[in-house]
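In what follows, a single structure is set out as structure tokens and then discussed.
The values are calculated or read from the model by the stated rules, or taken from the named source; none is laboratory data. The shown structure was predicted, so the numbers you read here are calculated from the model rather than taken from an experiment. Positions of Cβ are backbone-derived with ideal geometry, glycine not excepted, and every protein chain shown enters the neighbour counts. Only protein heavy atoms, including side chains, enter the accessible area calculation; ligands, DNA and RNA are left aside. Shrake-Rupley method; radii C 1.70, N 1.55, O 1.52, S 1.80 Å.
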Amino acid sequence: NAGVMQNPRHLVRRRGQEARLRCSPMKGHSHVYWYRQLPEEGLKFMVYLQKENIIDESGMPKERFSAEFPKEGPSILRIQQVVRGDSAAYFCASSLRGAGEAFFGQGTRLTVV
Amino acid sequence: LAKTTQPISMDSYEGQEVNITCSHNNIATNDYITWYQQFPSQGPRFIIQGYKTKVTNEVASLFIPADRKSSTLSLPRVSLSDTAVYYCLVGDEGPGGGNKLTFGTGTQLKVEL
């Protein structure tokens, strides 16, 4: 059973471009969480999704950021018109139910140049 | 939202037992206490979870007093490979019954020879 898979591992974008980060949860997991981690800081919650539904997006910036978890395929975190401040590690986690142990992916390191 | 407070850093030597205490004065009745470990450039990894008293697994023990306002993660006989950031989390029941993980700043544990 493969773990949580995130791709790409590293992503470089120029200011103003779009970044698309993908997350495939563990098999059978229908709860997905996205987190952002700035250098030397802890993880900050962004959004919690279940299949086809956004449950809690209280940590998402109001503009440029969106997330989805379609019925088929991976969860996608989309950042439009990236700025240098978006440079961070973005982690995805999945869980079997909405509580308890969550399994994290290796993260996508976004660099905006 | 239950907030957690833990030491920013701790130092230890190989073979010693390390105890990291976390305060969570506003913990709710339904909240569980969970600890995660994070190595540089990796996603967090679940260590242990508990609700009250004591929980032990193959890597750690978790002690929770009766008032549940604090918890202590105990790592027996640490090695260099235990050098990492340790996060104490308190379960947050979000909308729809889900659990949004809320990370604090964590404790940087450094193990030396």
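Distances between placed amide hydrogens fall under 5 Å for A:Asp56 paired with A:Tyr48, all partners being 5 or more residues away or on another chain. Any idea how far the Cα center of the range B:1-75 sits from the one of the range A:20-55, in Å? First find each Cα centre; the distance between them is then 22 Å. Across A:Pro25, A:Pro74, A:Pro61, mean-square fluctuation computed from a Gaussian network of chain A (C-alpha pairs under 10 Å connected) peaks at A:Pro61. Measuring between alpha carbons in the structure, the pairs from A:Lys27/A:Lys71; A:Lys44/B:Lys3; A:Lys44/B:Lys110; B:Lys52/B:Lys110 lying more than 19 angstrom apart are A:Lys44/B:Lys110; B:Lys52/B:Lys110.
Interface between chains B and A: roughly 1600 Å² of accessible area buried, both sides summed (probe 1.4 Å, protein heavy atoms only).
For the pair A:Gln50 and A:Lys71 in one chain, pulling the backbone fully straight at 0.36 nm per residue adds 6.6 nm over the alpha carbon distance.
Dividing the mean sequence gap of close Cα pairs (under 8 Å, 6+ apart) by how many residues chain B holds gives a relative contact order of 35 percent.
For the range B:24-37, the Karplus equation 6.51 cos²θ - 1.76 cosθ + 1.60, evaluated at θ = phi - 60°, returns couplings of 9, 5, 9, 4, 8, 4, 8, 6, 9, 10, 10, 10, 10, 10 Hz by residue, with Gly and Pro reported as x.
Identify, among A:Ala102, A:Leu43, A:Ile76, the residue whose Cα sits farthest towards the positive end of the charge dipole of the range A:13-113, taking +1 on the Cβ of Lys and Arg and -1 on the Cβ of Asp and Glu, with the dipole about the Cα centre. Of the listed residues, the answer is A:Ile76. Sparsely packed loop sites in the range A:1-107 (the trypsin sites (Lys or Arg not before Pro) outside DSSP H, G, I, E and B with at most 15 other Cβ atoms within 10 Å) comprise A:Arg9, A:Arg14, A:Arg15, A:Lys27, A:Lys51, A:Lys62, A:Arg64, A:Lys71, A:Arg97.
About the centre of its Cα atoms, the protein assembly as shown shows a dipole size close to 680 debye [charges on the beta carbon of Lys, Arg (+1) and Asp, Glu (-1) only; nearest 20 debye].
For chain A, averaging the sequence separation of C-alpha pairs within contact (under 8 Å, six or more residues apart) and dividing by the residue count gives a relative contact order of 37 percent. Taking the Cα centre of the range B:1-86 as origin and assigning +1 to Lys and Arg Cβ atoms and -1 to Asp and Glu Cβ atoms, the resulting dipole is close to 320 debye. Hydrodynamic estimate: the Kirkwood radius of chain A over Cα pairs, inserted into Stokes-Einstein at 37 °C and 0.692 mPa s, corresponds to D of 236 µm²/s.
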